[in-house]
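Okay, structure first, notes after.
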Amino acid sequence: MASLAPDALGPTVTIGEILVEIMATTLGNGFLEPIELLGPYPSGAPAIFIDQCAKIGGSAGIVAAVGDDDFGRINVERLRRDGADVSAISVSHDFPTGSAFVRYRQDGSRDFVYNISKSAASLISLTDTAKALFARAGHLHVMGTAFAIPGVWEMMEHAIAVIKGRGGSVSLDPNLRKELLAQGQTKERFARLVSVADLLLPSGDELFVAAGVDGETAAVAELFSRGVSEIALKRGERGSTFFSADGVRVDCPAFRVDEVDPTGAGDCFGGAYVACRRLGMPAQRALEYANAAGARNVTVRGPMEGAGSRAELDAFIAATPRAS
């Protein structure tokens, strides 16, 4: 059984940055000379998550802010087209939509030029429309990237109280570097989020960061002792694993694909997994859809260009070989 509130209770809601991504077409180091670029692509980890959540059939909405510009419009229209509730996306007439310029190096690492802190993405606030969305929500999904936005913690506390108060649930994708945990109250706040999360969606070593201990078995046990009900561990090309507090473990192999752009894979995994579990699917099926969503997304250029509907993911699953 899923530990998450059913989709019928209300939409999955997330809070965080919306931005556009503009990508270099050539490999190299940085942006120190004129180069060809592709984009703008709709982006931002919470936006990618909620888009995939909506596209696979879950009710979903986002609290965010964009500028009164084409970069903002391309994001809002994408989310609306794919079925997300965009009522709580505010529009700033003074600040532009956030942006990220990306160039891949020969070794697969990336160089970024961001504008987030001085963009509309930094202006997220507890507006009346945000309160209204939280009031009808059935699930809150928290992403570690949101810790970089001023005022978001207070919004999270409000949302957790309202959504948990109406029988809803919480999931956490702890994509937060260890270095950030040492800043201000971040460590204590992060621990608070772990303690209220019903579902954890870590990638690799994020499992140990969330638990505060090393070793997979010890980390899983520690998280369950703190109240987490289930864990969906993302293992990249090695697939994923479900752990439940009652001792059940399910391993799901990855799909073999040719990677074009890895950005957004984990966010698509999370959006698909949360939606599937809230729609009542067993862990094995939810993991399969989540693996497929992440794998399909990396086969095309653009952070959410490969997000798939349920029919598209069914076709992908049927046609794509699994890793051994």
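Among Val86, Phe71, Ala54, which residue has its Cα positioned farthest towards the positive end of the charge dipole of the stretch 47-87, with +1 placed on the Cβ of Lys and Arg, -1 on the Cβ of Asp and Glu, and the dipole taken about the Cα centre?
Ala54
State, in angstrom, two size descriptors of the stretch 189-290 derived from its alpha carbons: Rg to one decimal place and Dmax to the nearest whole number.
13.4, 39
How would you rank 10-18, 73-81, highest first, on the average number of other Cβ atoms within 10 Å across their residues?
Most protected by this proxy first, the peptides run 10-18, 73-81.
Determine the dipole magnitude for the stretch 1-127: charges of +1 sit on the beta-carbon of Lys and Arg, -1 on that of Asp and Glu, nothing else is charged, the reference point is the Cα centre, and the result goes in debye to the nearest 20.
With only Lys, Arg, Asp and Glu charged at Cβ, the dipole is about 180 debye.
Between Ala311 and Asp69, what length in nm is gained on full extension when 0.36 nm per residue of separation is reduced by their alpha carbon distance?
Extra length from Ala311 to Asp69 when fully extended: 83.8 nm.
With a 1.4 Å probe and all protein chains left in place, how much of the accessible area of the stretch 213-301 comes from carbon and sulfur atoms, in whole percent?
On the stretch 213-301, the fraction of accessible area on carbon and sulfur atoms equals 49 percent.
What do the square roots of 5 times the Cα gyration tensor eigenvalues come to for the stretch 48-147, in whole Å, largest first, as semi-axes of the equivalent ellipsoid?
So the equivalent ellipsoid measures 24, 18, 13 Å along its semi-axes.
Return the whole-Å distance between the Cα centroid of the stretch 209-261 and the Cα centroid of the stretch 1-41.
Rounded to whole Å, the Cα centres lie 23 Å apart.
Could you work out the relative contact order of the chain, using alpha carbon pairs under 8 angstrom and six or more residues apart, expressed as a whole percent?
That works out to 20 percent.
Give me the percent of Cα-Cα pairs in the stretch 104-261 that sit more than 23 Å apart, rounded to a whole number.
Everything past 23 Å amounts to 47 percent.
Find how much the distance from Arg235 to Ser3 grows on full extension, using 0.36 nm per residue of separation minus their present alpha carbon separation; answer in nm with one decimal.
Extending this stretch completely gives an extra 81.4 nm.
List the lysines whose Cα lies under 28 Å from the Cα of Lys187, skipping any in the same chain that are fewer than 8 positions away.
Lys118, Lys131, Lys164, Lys178, Lys234
Treat each spin label as a single point 7 Å out from the Cα along the C-beta direction, and report the Glu154 to Phe112 distance in nm.
So the two model labels end up 2.6 nm from each other.
Would you calculate, for the chain, the mean residue ellipticity at 222 nm contributed by helices, counting each DSSP H stretch of 4 or more residues as -39,500 (n - 2.57) and dividing by all residues, to the nearest 500?
-10500 deg cm²/dmol
The values are calculated or read from the model by the stated rules, or taken from the named source; none is laboratory data. Everything numeric in this text was worked out from a predicted model, so none of it was measured. Cβ: placed from backbone, ideal geometry, glycine included. Neighbour counts: every protein chain shown. Surface areas here come from the heavy atoms of the whole protein model, side chains and all, with no ligands, DNA or RNA. Shrake-Rupley method; radii C 1.70, N 1.55, O 1.52, S 1.80 Å.
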